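Let me begin by presenting the structure, written as structure tokens, before commenting on it.
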Amino acid sequence: MPSDNPRPLVIGPDNGPEAPFPLRLNGKVVKGFGRGSNELGIPTANIPISGLSVGGHEDVESGVYYGWAGLSLSKATHQNPPGTKSKYKLMNEQIHDSLMTTLSGNDSTGEGTQDKGSVYPMVLSIGYNPYYKNTVRSVEVHIMHGFEVEFYGSHMNLIILGFIRPEYDYVSKESLIDDIKTDIDVAGRSLARDAYASFKNDSYLLEFSGRSEVAS
Ligand code: ADP
Ligand code: RBF
Ligand code: MG
């Protein structure tokens, strides 16, 4: 169960990520249990667990992390490019605005690079989803952006910059959703800091050639 203590507003030192971060991993977006959008209203793009073998992260602790996701070009990234004041509603509006403002000064995405793919802020859950008692470990990414369509089959590159919290069991679905919304705000504030925002330009995020089916 989560504790009743107030949660920190940001995670990680202001001057940049601390070891073992940044962690890099990648994989192709696959089907999960279909619960994210339908049950929670929070879609998560799942990648095969073998994505963790990239850079030898198999032993990474289960829990909730934040960072940046690079998505290969798809109908989804085309229809609604990053930075557009999209219909994204799960992050506190002020935090979202200042994250978008920080990013516009330091822009490797947006219209000009649509042919290369796009970079978005993300929160990541690695583990067994104790609330659902999954028997397989999953790697799931919620992207803080409003997409019009699904992007199964797209390749996703991830840079993880910090550990937010362990995974918990919850007394209700609503309390799980509340905590995920807090994770999204914590990630938004954390990523808006210069030393974290700059990772959005890391070339790893938009390298897709040779990265296919599963992780490479
Ligand atoms: P599954 O159990 O198959 O992962 P979800 O309900 O979690 O199903 O939905 C995930 C799918 O929704 C993703 O694979 C992706 O194609 C799509 N999607 C749409 N918007 C988002 C978003 N903001 N973040 C992550 N995935 C999204
Ligand atoms: N599931 C849990 O059972 N416990 C958690 O603490 C938990 N935290 C999550 C945090 C984030 C940011 C995200 C995106 C998902 C989290 N989940 C957690 C997983 C959630 O149950 C899962 O995404 C849905 O079941 C859809 O697969
Ligand atoms: Mg999912």
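Readers should treat all values here as calculations from the given coordinates under stated rules, not as data from a laboratory. Computed from a prediction, not measured in an experiment: that's the story for all the values here. All Cβ positions, even for glycine, are placed from backbone atoms using ideal geometry, and neighbour counts span all protein chains on display.
Brief remarks follow.
- FRET efficiency, 1/(1 + (r/R0)^6) with R0 22 Å, evaluated for MET1 and LYS133 via beta carbons: 0.90
- Taking 0.36 nm per residue of separation and subtracting the Cα-Cα distance, full extension of the segment from SER172 to GLU150 would add 5.2 nm.
- Difference of contour (0.36 nm per residue) and Cα-Cα distance, SER198 to ASN15: 64.7 nm
- For the range 114-187: rounded, prolate or oblate by the Cα gyration tensor [a/c cutoff 1.5]: prolate
- All aspartates and glutamates inside 14 Å of LYS28 as judged from Cα atoms, apart from same-chain residues fewer than 8 positions distant: GLU140, GLU150, GLU207, GLU213
- Using a cutoff of 8 angstrom between alpha carbon atoms and counting only pairs six or more residues apart, the relative contact order for the chain works out to 38 percent.
- For the chain, the alpha carbon convex hull comes to 116 Å³ per residue, rounded to a whole number.
- Neighbourhood net charge (13 Å Cβ-Cβ; Lys/Arg +1, Asp/Glu -1) for LYS75: -2
- 15 Å beta-carbon shell around PRO2, net charge (K/R +1, D/E -1): -3
- Neighbours of GLY16 by Cβ distance under 12 Å: Lys/Arg scored +1, Asp/Glu scored -1, total -2.
- Net charge dipole size for the chain [Lys, Arg +1 and Asp, Glu -1 on Cβ; Debye, nearest 20]: 400 debye
- For a label point 7 Å along the Cα-to-beta-carbon line of GLU93, residues of the range 181-199 with backbone N under 15 Å: none
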